[in-house]
Amino acid sequence: MINILRFTYLISLAFLSYLPADAQQKSKTVRVFMIGNSFSQNASRYLPYMAKEGGYNLELGHAEPGGCSLQRHWDSVAAYLQDTSRGKLYNGKSLKELLGKGKWDIVTIQQYSLLSADEKTYEQYARKLYDYIKELQPDAEVVIHQTWAYRADAKNFGRVDGTETAKTQQEMWEKSRVNYHSLSKALGGLRIIPSGDAFYAVATDSKWAFKKDEAFDYTNAVSPALPADENSINVGYTWTNEGKLKFDPNHANEAGCYLAGLMWYGTLFGEDPVKLSFKPKAVSDEFAAFLRETASKTLKSKK
């Protein structure tokens, strides 16, 4: 089940008694505010557990309406600046009311996945949003989250130019990657959390890549039967309460949330995620080990 909108939820992890002494000595509070959407919700799902194991006190702030683009985030700011009774996109709050409160160490931004491969949807809105973030939090580091391409069996991929869409997972990944790196350069070389690269590495691995279940009858499926989805890092097929077969090749499942969390942990804290022992119960030990190795390799090889 995809997380619903969370806007001011703060996670405080102050109890580190179970950690080794060296981790406790390293304990440091880091405040991270996410300007995103459901993909950043996915990415942060297990991040607090990883931070706790690594000896960090993590506080998270959220401005994450589902499907929210850079333009929509900025438009809400522009509306608020014209009239403070407007632009309250985040469950009745404005970005200033959320981000302007207290002091944040890191603020993350990202594009809506559907628009991630369309270069025209980035800089003009991201630059204004960046300047506004620095106005509210001049000492905060702004970090870009590179979102992932949809699962290979998706019926539609992200837009590449207006209504034209990418034809494959590879095309969506390649073009969105170029756009995120171009944005980073345009804004002065901002750091990137390369979740999209890690997802694509898993999706194309010779051993661990997800393969569509061609034997499943998708047209005449009867609940609770589902196609095999071994090694999927996306939600895939589920049954609704109304007995309809639902398909979500976009959002991360338990394994995908874990992988994205590893990428955030490694980037934001400068730690090697391969050293972590935490994993969600739904992810096998072997697959979790592979995901940690992939995260580590991706972080070491990013360019």
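No value in this document is a laboratory result; all are computed from the given coordinates. If you're wondering where the values come from, they're calculated on a predicted model, not measured in any experiment. Backbone-built Cβ (ideal geometry, glycine too); neighbour counts: all protein chains shown.
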Extending each Cα 7 Å along its Cβ direction at Lys103 and Lys185, get the distance between those two points in nm, one decimal.
3.5
Taking the number of other C-beta atoms within 10 Å as the exposure measure, put His181, His251 in order starting with the fewest.
His181, His251
Listed with the fewest Cβ neighbours within 10 Å leading, Ser176, Ser184 appear as Ser184, Ser176
Would you mind checking which residues have amide H under 5 Å from Gln146's amide H? H placed 1.01 Å from N; only 5 or more apart, or other chain.
Ile193, Ser195, Gly196
Contact order relative to length of the chain, as percent, for alpha carbon pairs under 8 angstrom and 6 or more apart:
16
Using a 10 Å cut-off on Cβ atoms, rank the peptides 218-228, 260-270 from the highest mean neighbour count down.
260-270, 218-228
Given H placed 1.01 Å from N in the peptide plane, which residues other than close sequence neighbours of Leu89 have an amide H under 5 Å from its amide H?
Leu95
Using the count of nearby Cβ atoms within 10 Å as a rough guide to exposure, how do Glu293, Glu164, Glu242 rank from fewest to most?
Glu242, Glu164, Glu293
Report, in deg cm²/dmol and to the nearest 500, the calculated mean residue ellipticity at 222 nm for the chain, where each DSSP H run with n ≥ 4 adds -39500 (n - 2.57) and the sum is divided by the residue count.
-11500 deg cm²/dmol
